[in-house]
Amino acid sequence: MSIWIKPAVINSSSIIHVSSGNNGSGYWCLGMLDLSSSGQLIASSYGNSSMSINGPTLLQNNWSHIAITYSLTNGLRLYVNGTLVNSTTPFSYVASGVPNFMFLGNS
């Protein structure tokens, strides 16, 4: 998945999250791409276990292209502006079989 982002303010927030409810506040809600309070990117994947990787700190009011990929061969990978910035070792992922909803943004 990929997204262009331009943070207007730097604070702890969810850029992309997945929820079991269709209003963003279902039974569970997990961040897939977040910003820390200092503006650092955090990409996460959840399956048999959770995996998170940190990316660079984004600058306020600057556009960045963010891409996250996952494969059994390469694990979770985080790209910023076309450059691989972090990755995990390969890990297995088992889908829940339950419909999930993906949300962009925080408002």
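None of the figures in this text is laboratory data; all of them are computed from the coordinates on show. It should be emphasised that the depicted structure is a prediction, and the values quoted were computed from it without experimental measurement.
Residue by residue, region 71-76 carries 3J(HN,Hα) couplings of 8, 4, 7, 10, x, 8 Hz when phi is fed to the Karplus relation 6.51 cos²θ - 1.76 cosθ + 1.60 (θ = phi - 60°); x denotes Gly or Pro. Gain on full extension, evaluated as 0.36 nm per residue between F91 and V9 minus their Cα-Cα distance, stands at 26.1 nm.
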